[in-house]
1. For chain B, give me the percentage of DSSP beta bridges that are antiparallel, rounded to the nearest 5 percent.
2. Translational diffusion coefficient of region A:10-171 at 20 °C, 1.002 mPa s, Stokes-Einstein with Kirkwood Rh over Cα pairs, in µm²/s as a whole number.
3. So, with +1 on the Cβ of K and R and -1 on the Cβ of D and E, and no other charges, what is the size of the charge dipole of the protein assembly as shown about its Cα centre, to the nearest 20 debye?
4. Going down the list A:113/B:91; A:104/B:40; A:121/B:95; A:46/A:83; A:107/B:40, which pairs span over 23 Å between their C-alpha atoms?
5. Under a straight-distance cross-link criterion of Cα-Cα below 17 Å, which aspartates and glutamates are reachable from residue A:61, leaving out those fewer than 8 residues away in the same chain?
6. Given charges of +1 on the Cβ of Lys and Arg and -1 on the Cβ of Asp and Glu, with all other atoms neutral, how large is the dipole of region B:4-132 about its Cα centre, in debye to the nearest 20?
7. Out of A:145, A:14, A:78, whose Cα points farthest toward the positive end of the dipole of chain A (charges: +1 Lys, Arg; -1 Asp, Glu; placed on Cβ)?
8. For region A:10-171, build the charge dipole from Cβ charges (+1 Lys, Arg; -1 Asp, Glu) around the Cα centre, then report which of A:53, A:157, A:95 sits farthest towards its positive end.
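Values quoted throughout were computed directly from the atomic coordinates according to the rules given, and no laboratory measurement underlies them. Since the structure is predicted, the reported quantities are computational estimates derived from the model, not experimental observations. Virtual Cβ from ideal backbone geometry, glycine too; neighbours counted across all protein chains shown.
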Amino acid sequence: MSELKVAKQENILAHYGPLSYEEIGFLLNRMSAFVDKQGMSITIKKKVYSAMVESLENIYKHQDVISSNSDYQPRFSLFLDDKEFSLFASNSLLSQKINPLKEKLEKVNSLNKEGLKDLYKLTILSGSVSQKGGAGLGIINIAKVSENKINFKFENVNNEFSYFTINVAISHNSAI
Amino acid sequence: MEPLFIEPTEFTPKVFFDPENSLFEISGFSRPENVIGFYKPILKWLEEYNDMVLSQNINFKKSILTLNLKMTYFNSASSKFLLDVMLEFMKFMSKGNKIEVNWYYEEGDDEILESGEEIADMLGYNFNFISYLP
């Protein structure tokens, strides 16, 4: 498992607490306004936008709320330094979901750009997209737009639940 | 058959399918909270159009059917359904119609351009890629 990077950069966005669909829109709008103000390219904005949508919607659609403990609410942060954006997204989930999710993340991390395109194609054409729009398309998409490995960790909360965090970096230097 | 018109919202694109003029357009932003609820009626309309109108081959002139896609953003759940819309559209060819797919992208927006190229590749069909100024 990759170790999460310690962020020393400027914190652009931070959210902790229940996540509504409207709140996701609010975070996206704040990021867009920030990137526009910085004069960054539309491609950079779209990459960060996509990674944010997929990670926030993953929380919204797939989190398992721990009703007995309010210390593990959804968390989202976006940082910026002179090279890259760094995105962190965390949510609680049933520990029994760890293995298939870990397998998916490890698979995605093992692929290069062409491999990710092929996996996306295979997944979308396989007809296995669930009612929630899942099937791991979101994770593949995050890896595609970031062009970096997805860092992730699972923290044990209790016998039933864990707290899942992903971190991904998106370079903003090369495409400006 | 009546046209299909869906007003755009903050989370969903504009849809305008005009059978009389063989023009089909989806444009804007797609991140519906209920992606199935949004796209199922669109797919159903296309299936009915395919079955009822094109099969009978009588009601409309059918030289070229044009699909204009002018998306500014769509999430991965929407991409699955946009692909389904296009697969349905491809079926029109089997009824002896010609089709063209115009994929619009804002100049410099490599993400939307590449998404279009990937979808064209999945369908095995050439799109016209047309850039526009913001």
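1. DSSP beta bridges in chain B are roughly 30 percent antiparallel.
2. Here the translational diffusion coefficient equals 131 µm²/s.
3. 440
4. Flagged as over cut-off: A:113/B:91; A:104/B:40; A:121/B:95; A:107/B:40.
5. Partners found: A:22, A:23, B:33.
6. On the way: 11 positive and 21 negative charges, 137 e Å.
The dipole of region B:4-132 has a size of about 660 debye.
7. Ranked along the dipole, the leading option is A:145.
8. A:53
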